[in-house]
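Enquirer: Take this structure first; my questions come after.
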Amino acid sequence: MVDRWVEVTPSQFPHEAEGLRVIRDLLPAEPPFRAWSNFEFRDDHGVWSEVDLLVLARDGLHLLELKYYSGRLRGTDQRWLRDGHRAEDSPLMLANQKAKRLRSKLKAAFDDWARRQSDDPGRPKANEVIPFIRPGVFLHHPNLVCELHEVARRDLYCLPEATSSGLDPITDIFDRLPRPGTRIHETAIASVIKLIGLRAHQREIGA
């Protein structure tokens, strides 16, 4: 039986663990859906990146940051403002950077993996197998109200029942269909992710 949810590191944070549980319970138990939670990877420049959740869906890979933010969320697609908190860079920007670094690493690893599987020069290329990794932020507090403008809300998700938040529900990533003519190479993607050796989170509470 395929383990469609791989917990690389158990979450030390109750709210994060609950957010991950929500997605795990919603994750369809069918191909090509898979997920990897709480891990670190090192890119080709030696930079370590932490990832809360990576989801393989029908339309490709999604790298998700989890945030337990409540109250009003205002600002721009680059700077977020929350009542009682300092302004901060949008977590979506950081997720986008991680997604690009991870895809580059997966593509390089796929080339090595594919050569071991077959010497056929007609085998699929890395760009055909490793899909675009779409960044996203799962804002899983039930009392969040997003006041960002429409463009800045893209790739931000809420709890399925948080209909008043102004965001799309996290279930949207499970409902999307791939572009015509594209194929999700589930087994190859899972094998390459395993090959790069996802490392357990080394962070501690309070970090």
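Enquirer: Can you work out which of the residues in region 143-157 that are assigned to a loop (DSSP other than H, G, I, E, B) and not acidic (Asp, Glu) is most open to solvent (accessible area, probe 1.4 Å)?
Expert: Among those residues, the one meeting the criterion is Arg154.
Enquirer: So, one more: Considering only residues that are surrounded by fewer than 19 Cβ atoms within 10 Å (Cβ to Cβ) and not aliphatic (A, V, I, L, M), which ones fall in region 106-115?
Expert: Lys107, Asp111, Asp112, Trp113, Arg115
Enquirer: Now a separate question. Scan Trp5, Trp36 and give me the residue that is touching a residue at least 60 places away in the same chain (Cβ under 8 Å), aromatic (Phe, Trp, Tyr) and surrounded by 16 or more Cβ atoms within 10 Å (Cβ to Cβ).
Expert: One residue alone meets the criteria, Trp36.
Enquirer: Inspect region 114-126 for any residue being touching a residue at least 60 places away in the same chain (Cβ under 8 Å), under 22 Å from Ala29 (Cβ atoms) and not aliphatic (A, V, I, L, M) and give the result as yes or no.
Expert: No, the conditions are met nowhere in region 114-126.
Enquirer: So which residues in region 76-96 are in contact (Cβ under 8 Å) with a residue 24 or more places away in the chain and more than 16 Å from Phe138 (Cβ to Cβ)?
Expert: Thr76, Asp77
Enquirer: Would you be able to tell me the number of residues in region 158-190 that are part of a loop (DSSP other than H, G, I, E, B), surrounded by 12 or more Cβ atoms within 10 Å (Cβ to Cβ) and of a type in the set (Gly, Ala, Ser)?
Expert: Residues flagged as part of a loop (DSSP other than H, G, I, E, B), surrounded by 12 or more Cβ atoms within 10 Å (Cβ to Cβ) and of a type in the set (Gly, Ala, Ser) within region 158-190 amount to 4.
Enquirer: So, one more: Quick check: is even one residue across region 60-70 more than 19 Å from Arg154 (Cβ to Cβ), touching a residue at least 40 places away in the same chain (Cβ under 8 Å) and either open to solvent by less than 70 Å² (accessible area, probe 1.4 Å) or not hydroxyl-bearing (Ser, Thr, Tyr) (or both)?
Expert: Yes, because at least one residue in region 60-70 is more than 19 Å from Arg154 (Cβ to Cβ), touching a residue at least 40 places away in the same chain (Cβ under 8 Å) and either open to solvent by less than 70 Å² (accessible area, probe 1.4 Å) or not hydroxyl-bearing (Ser, Thr, Tyr) (or both).
Enquirer: The conditions are (1) in a strand (DSSP E or B); (2) modelled with pLDDT under 95, and Pro10 fails exactly one of them. Which is it?
Expert: Failing condition for Pro10: (1).
Enquirer: For region 71-86, how many residues meet the condition of being open to solvent by 10 Å² or more (accessible area, probe 1.4 Å), part of a strand (DSSP E or B) and touching a Ser or Thr at 6+ places or on another chain (Cβ under 9 Å)?
Expert: 3
The values are calculated or read from the model by the stated rules, or taken from the named source; none is laboratory data. Nothing here was measured: the structure is a model prediction, and the numbers come from that model. Reconstructed Cβ throughout: ideal geometry from the backbone, glycine too, with neighbour counts over all protein chains shown. Accessible surface is based on the protein model in full, side chains and every heavy atom, while ligands, DNA and RNA are left aside. Shrake-Rupley method; radii C 1.70, N 1.55, O 1.52, S 1.80 Å.
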